[in-house]
Amino acid sequence: MSRDVQKEVHDLVTSNPVVLYMKGTPQFPQCGFSATAAEILKRCGVDFVAVNILLDDEIRLAIKEYANWPTIPQLYIKGEFVGGCDIMREMYQEGELQKLLEGVGA
C-alpha cells in the first residue's frame, strides 16, 4: 500500500486552523526564514501546528507541489495557502496577517 502524501498534507492543512511547514521546529528552527515565520506567528499569539519537513523527504517534496510554491516555510490558514516568510513578514507589518488570524480558533 503506497502512501498518499498529498492527501496527508491536505488533511493536515484542512483539519487545523493554522499550519506552518518549516525547517526545524518553532523551538529549534533550522533556517532563518523558518525562525522568522515561527516568530511572527508567536507574536500574533496564535497556536499553530508546525511540521518539520526535514524529518520526512516525502512531505518536503509534496508540500512544494501541493501549493505550487518552491520554498519553505509555507503558512496555511483555514486550509488556504498564505505564503512564505517574505509574504508573512509583509502581511504582519501591514496588520493583514493579524486580521486573517482573528477568529481562527487557534
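Read-outs throughout are calculated quantities, based only on the coordinates presented, and are distinct from any laboratory measurement. Since we're looking at a predicted model, the values are computed, not measured. Because the Cβ atoms are built from the backbone with ideal geometry, glycine has one as well, and the counts that use them run over all protein chains shown.
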When every residue in region 34-46 that is over 23 Å from Glu8 (Cβ atoms) and in contact (Cβ under 8 Å) with a residue 24 or more places away in the chain is compared, the one surrounded by the fewest Cβ atoms within 10 Å (Cβ to Cβ) is Arg43
Check region 72-79 and report whether any residue there is surrounded by fewer than 14 Cβ atoms within 10 Å (Cβ to Cβ) and within 17 Å of Ala37 (Cβ to Cβ).
no
Would you be able to tell me the number of residues in region 80-97 that are surrounded by 15 or more Cβ atoms within 10 Å (Cβ to Cβ) and out of contact with any Lys or Arg (no Cβ under 8 Å at 6 or more places or on another chain)?
10
Can you name every residue in region 47-62 that is among the charged types (D, E, K, R) and either free of Cβ contacts under 8 Å to residues at least 40 places away in the same chain or touching an Asp or Glu at 6+ places or on another chain (Cβ under 9 Å) (or both)?
Asp56, Asp57, Glu58, Arg60
